[in-house]
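Computed from the coordinates by the stated procedures, all read-outs in this text should not be read as laboratory data. Only a predicted model underlies this, so the values are computations on that prediction, with no experimental measurement involved. Ideal geometry is used to build each Cβ from the backbone, glycine not excepted, and the neighbour counts take in all protein chains shown.
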Amino acid sequence: MSLHSWTWNALAVGTLLALGSVAARLEAQAPDGAALYRQHCRSCHGAQGVPTPRMVSLYPKLKSLADSATLAALSTDSIAAVTRTGVGDMKAFADKLSADEITAVARFVKTLGDSTARRP
């Protein structure tokens, strides 16, 4: 192997390692949608996206987030918009959560309709 090809190989490996490191740091910094859901949403929408009978009696229009047909029809952006601005009895979370946190919650909510998704 020539010095030139060794240099290019070392550069390629170094670049891949650096990109992997950056990706790992970004993922580690990404908000945890499941944890945020547990903290801010579970009390009304239930741990698995199914509101308790008590919450349904208090808020008759409260929707189950575990309804796969409903969730399939909603985009992550539309779930994030409702989370951000609120709707009906649901309060807005724009003043409590950052845009990235709201998006993380919306992505997690999309998994609630997937019966094969692992739950925290």
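Whole-Hz Karplus values for segment 42-57 come out as 4, 4, 9, 8, x, 4, 10, x, 10, x, 6, x, 4, 5, 5, 5 Hz, taken residue by residue from phi with 6.51 cos²θ - 1.76 cosθ + 1.60 and θ = phi - 60°; glycine and proline positions read x.
Residues 37, 59 in ascending order of nearby Cβ atoms (within 10 Å, fewest first): 59, 37.
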